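The values are calculated or read from the model by the stated rules, or taken from the named source; none is laboratory data. Here the structure is a predicted model, which is why all the values come from computation and not from measurement. We place every Cβ from the backbone using ideal geometry, glycine too, and count neighbours over all the protein chains shown.
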6 protein chains.
Amino acid sequence: MASDPDPLQDFCVADLAGTPSVNGYPCQPSSWVGDEFLFSSKLATANPNGSNVTRLSVNQWPGVNTLGLSTNRIDFAPGGTNPPHVHPRATEVGIVVRGELLVGIIGSGDSGNRYYFKVVRAGETFVIPRGLMHFQFNVGEEAATMVVSFNSQNPGILFVPQTLFGSSPPIPTPVLVKALRVDAEVVELLKSKFTSGDP
Amino acid sequence: MASDPDPLQDFCVADLAGTPSVNGYPCQPSSWVGDEFLFSSKLATANPNGSNVTRLSVNQWPGVNTLGLSTNRIDFAPGGTNPPHVHPRATEVGIVVRGELLVGIIGSGDSGNRYYFKVVRAGETFVIPRGLMHFQFNVGEEAATMVVSFNSQNPGILFVPQTLFGSSPPIPTPVLVKALRVDAEVVELLKSKFTSGDP
Amino acid sequence: MASDPDPLQDFCVADLAGTPSVNGYPCQPSSWVGDEFLFSSKLATANPNGSNVTRLSVNQWPGVNTLGLSTNRIDFAPGGTNPPHVHPRATEVGIVVRGELLVGIIGSGDSGNRYYFKVVRAGETFVIPRGLMHFQFNVGEEAATMVVSFNSQNPGILFVPQTLFGSSPPIPTPVLVKALRVDAEVVELLKSKFTSGDP
Amino acid sequence: MASDPDPLQDFCVADLAGTPSVNGYPCQPSSWVGDEFLFSSKLATANPNGSNVTRLSVNQWPGVNTLGLSTNRIDFAPGGTNPPHVHPRATEVGIVVRGELLVGIIGSGDSGNRYYFKVVRAGETFVIPRGLMHFQFNVGEEAATMVVSFNSQNPGILFVPQTLFGSSPPIPTPVLVKALRVDAEVVELLKSKFTSGDP
Amino acid sequence: MASDPDPLQDFCVADLAGTPSVNGYPCQPSSWVGDEFLFSSKLATANPNGSNVTRLSVNQWPGVNTLGLSTNRIDFAPGGTNPPHVHPRATEVGIVVRGELLVGIIGSGDSGNRYYFKVVRAGETFVIPRGLMHFQFNVGEEAATMVVSFNSQNPGILFVPQTLFGSSPPIPTPVLVKALRVDAEVVELLKSKFTSGDP
Amino acid sequence: MASDPDPLQDFCVADLAGTPSVNGYPCQPSSWVGDEFLFSSKLATANPNGSNVTRLSVNQWPGVNTLGLSTNRIDFAPGGTNPPHVHPRATEVGIVVRGELLVGIIGSGDSGNRYYFKVVRAGETFVIPRGLMHFQFNVGEEAATMVVSFNSQNPGILFVPQTLFGSSPPIPTPVLVKALRVDAEVVELLKSKFTSGDP
């Protein structure tokens, strides 16, 4: 699965302050680049709340520019969830580092929206094909942590509830009434739970 | 955007009855192939109901095997909708052939789930980046029709309401309660509107 | 078929006035971009002459930059033709919207230059593998229109007669005499029908 | 330029007698494969006629299967030509090994069909972008030889005169009359010079 | 960086017992596939020796077939090393799960073989561009563990010492004498430390 | 094998003096570009020493920018060698133009580091899969020359002895002692034969 184009040099450390450029960040001149860009300590900072995503896409880790990979750490409190979401530009492979997570993946329409799931425990792994909807849910008594990697430097994410009910500006209610087959007041209730800019 | 691998021959007409093969269908031997495989009449069959998708992916049109393109026609009754959905493996470009459609596209989280929209009229076109959620809604008084093309022979589709509420087996209610921030009864109401296998 | 590299962000609306950049246009800053770039009305302008191509490549539609798709509309008078041509960087899928067109495609040398053809009528579709020579010819009594899509933002086009006989500067006559196996005066006659810059 | 998909193993020597398979040949089992498949002596066979192409695509050299490269040797008598042609699936890089060749390349319509050319001498090199029309013509007093490589295991070739005038079955004369802007008798004269299966 | 071709369906679980197929494994029929293929417990099995690689390429985890990602766990005793090696078909991103590892990466010749290095501690990450030589060395007092992911289902590995001195059959000594600029007896000493099949 | 992204225009002649840009060089404006960029005479300059590489990557030949191909000529004195090396970003196809060369290729660990070899004579060809270690050694009485092509505009090269023993700064000796299974003095002897910047 070829999410990103191939690199054309050993490294192209992103110049995040550079002027906007086609399809990725411009490279920093070699003379600006020290030894550190291939390494990152950012995942070491714990964020032990309900569910917290520590991202290492190219915006957080310029060293992965043009390299076609990035990584995230997600911490879950008991009962915490990483709600149904889609990565539009990458497949994901993950490992549970501690705790136990229900991992659910829903196939496309051709599969009859088959729901695949398993409680994944520490040391076990899972894979999410590109563009499919999936979620994690901490079903253990304790906090849980997973580390995931993507085959894109910028996989993107769209949390489905936020996308349906918290977009900016909002999707018109009649569209959602027709799509969800419920009354406008149910749609308004759902919209009231999400606000624009709320992650 | 490179959705599909490159072809390695002029044509590889899919042998849909062939044994399962890696990443696409096996080619029919040249001697089985007449002149017709590069052409299809299937989009000519009208299905003028509320909203009807006539698909021409590789399963319906074996001639596009390895060619990295496919096409659909969608017909809309007045008030009909092609509800919020995602194509996991392709970008889409479309043209409205008759009528007028509200086309809505919601950006990923990095855009703050920005909602882009326009009423698109006959002869006008739109483009949907790969993996983003989008919908069409017939806001005209008359029936409407659009033709869309994808840069994959099998773009896939996941209708978001069906994926959330009509998967097989269902996503557990507590997962959706947590994700949608509403009571179990609202989730159960939504689930009751969709059944597995319902397109 | 992977004509274009993958995108690395939701959108990268082309800055057509930007300085030249590697392999595509630079992105406009997000703050310059309104809501309209995902939509285009340019195909709605009718050009009902002998044969007229209304192009929507990235040069005409900056919103498709990095998205790996583009589209054209071609209008034909009775007897009009879209003469033999090649798209060097894309496969093409097309639908006849009105009228009836003879669509001809010639396979590569490995096929013995097999000529595939069909009269394609309104609602019917065809596909042209990347880099193969093909043409359309209006065999109906009425005007005809087709809409085609490409899996590249800039598929390119080389009209074979113009390329052979109307290049700038011209291909030397002895080269064409040898290639076409005719006298210099036949080559000169053919060259006289085409002038540089003539589409 | 990504003409072919990436390999997924060190080697996949083509089983040319295998049943037809998607997008390339099936691999031979490792136990069938000796040491020789990475090497080929076929270009060493001289064919010193007017113009003779010795091909080493995957059909002639199974070892390049999935590796994304192939190579040809072309020998030219004085005055010999490799007539205008297009490779639909690959860029070409070449070196003149002996003699001197006029190499001509015609840009796409966006360049106004610009004709690029040079007399290339022994030891000098040229590059032909994918899908553009080009030719070589021996302008020296002696025989000439060039070696070219492609970034596809099966670049394909369509010799333009043969494709226009020698396809099987032939392109209808009225189509060529319209396209070439000459009388039917000129078209018939040109067709008489080429026969189906004639390389 | 596009190591692998794109998938053409949601899943293509590898049939490892299948007949050899082009560029990857054939898909299992859907009816053979249960729910488990997207998950793996194999990394949970500890192998706490000097340095032990637990691989999850497609050969160990058929579910990643066509998905363009795979993963490994490596355990290190104190003083253990994952010796200098190259992955010919993938970039690698890694996280140290416990302990502290010296991670060294040597740039290509264009960089003057620049040596990049850092002691990477638990929770910290590193990235290795495709095809570059690199190693890990446990510089801590305790055992260490890292988890790495690749953007290929089968990245391949060539341990440099084993490749130079333990190939089967061996590289001739005069070749290595010339390359390493030492006497034959030094080369023979090095060869004596490695035997074919020794990992 | 898709080493480089696809081009998005006919040509993009590299502006080597341009500011650093993502994943390749920026294009020169068309008005700066003469006719010569598709041709190069640099391989015609003989360098008949022990072993001399005349490179035509994008840095030496700006015209191949975005085209996914490049080429080298290597001249060998009797007994000369192109020592074991790896191209991290490309497969290589080569032809021996004069003389006779031992060509050796070592498979990855999955093959048990299988050593493939042949004495390749003038007119014969070989192919090296991406990322595998390989070498050439002149076993003839006379000078030898080969021409090789790569399916990347910048394949990169890492000479293994220089990378192990001549990096800048050096790899720590204890790492190499552990990896090579010999005493520190043998490692120091090897290091003494190579100095940083020495090709």
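Quick notes on this structure:
- Among residues of the range A:71-119, those that are of a type in the set (Gly, Ala, Ser) and over 19 Å from B:Arg130 (Cα atoms), counted: 8
- Residue list for the range E:75-115, filter: of a type in the set (Ser, Thr, Tyr) and surrounded by 24 or more Cβ atoms within 10 Å (Cβ to Cβ): E:Thr91, E:Ser108
- Residue ID - farthest from F:Gly107 (Cα to Cα), chosen from residues in the range E:55-100 that are of a type in the set (A, V, I, L, M, F, W, C) and assigned to a loop (DSSP other than H, G, I, E, B): E:Ala77
- Filter pass, F:Gly104 being within 26 Å of F:Ser57 (Cα to Cα), more than 7 Å from chain E (Cβ to nearest Cβ) and not polar (S, T, N, Q): no
- Within the range C:141-155, the set of residues being more than 13 Å from C:Val93 (Cα to Cα) and within 14 Å of chain D (Cβ to nearest Cβ) comprises C:Gln153, C:Asn154.
- Qualifying residue in the range C:120-139 (condition: crowded, with 22+ Cβ neighbours inside 10 Å, facing another protein chain (nearest Cβ under 7 Å) and among the basic types (Lys, Arg)): yes
- Entry remark, the range F:75-97: residues being within 25 Å of D:Ser57 (Cβ to Cβ) and charged (D, E, K, R) number 2 in total.
- Search result, residues across the range C:68-96 that are under 16 Å from C:Gly123 (Cα atoms) and among the basic types (Lys, Arg): C:Arg73
- Residues that are closer than 19 Å to B:Ser70 by Cα and more than 7 Å from every other protein chain (Cβ to nearest Cβ) within the range C:71-86 comprise C:Asn72, C:Arg73, listed in sequence order.
- Taken over the range D:175-191, the residue count meeting the criterion of being under 18 Å from C:Ile106 (Cα atoms) and more than 7 Å from every other protein chain (Cβ to nearest Cβ) is 4.
- Extreme residue, nearest to the other protein chains (Cβ to nearest Cβ), among residues of the range B:156-174 that are crowded, with 22+ Cβ neighbours inside 10 Å and more than 26 Å from B:Val120 (Cβ to Cβ): B:Ser167
- Single unsatisfied condition, A:Leu189 versus (1) more than 23 Å from B:Ala90 (Cα to Cα); (2) under 22 Å from the mean Cα position of the chain (by Cα); (3) modelled with pLDDT of 90 or more: (2)
- Every pair of residues 6+ apart whose Cβ atoms lie under 7 Å, when the first sits in the range B:130-150 and is assigned by TED's automatic domain parsing to the domain that holds B:Gly80 while the second is in a loop (DSSP other than H, G, I, E, B) and among the charged types (D, E, K, R): B:Arg130/A:Arg89; B:Gly131/A:Arg89; B:Leu132/C:Asp10
- The set of residues in the range C:155-175 being under 18 Å from C:Val53 (Cα atoms) and in contact with a strand residue (DSSP E or B) (Cβ under 7 Å, 6 or more places away or on another chain) consists of C:Pro155, C:Ile157, C:Leu158, C:Phe159, C:Val160, C:Pro161, C:Thr163.
- Qualifying residue in the range D:32-53 (condition: assigned to a strand (DSSP E or B), more than 29 Å from F:Gly112 (Cα to Cα), modelled with pLDDT of 80 or more and not assigned by TED's automatic domain parsing to the domain that holds D:Leu164): yes
- When A:Ala144, A:Ala184 are screened for being on the phi < 0 side of the Ramachandran plot, touching a Phe, Trp or Tyr at 6+ places or on another chain (Cβ under 6 Å) and not basic (Lys, Arg), only A:Ala144 passes.
- Condition met for C:Pro174 (without any contact (Cβ under 8 Å) to a residue 40 or more places away in the chain and assigned to a loop (DSSP other than H, G, I, E, B)): no
- Between B:Pro84, B:Pro78, the distinction of being more than 25 Å from C:Gly94 (Cα to Cα) and modelled with pLDDT of 90 or more belongs to B:Pro84 only.
- Test result for A:Leu189, within 21 Å of B:Leu158 (Cβ to Cβ), out of contact with any His (no Cβ under 8 Å at 6 or more places or on another chain) and not in a strand (DSSP E or B): no
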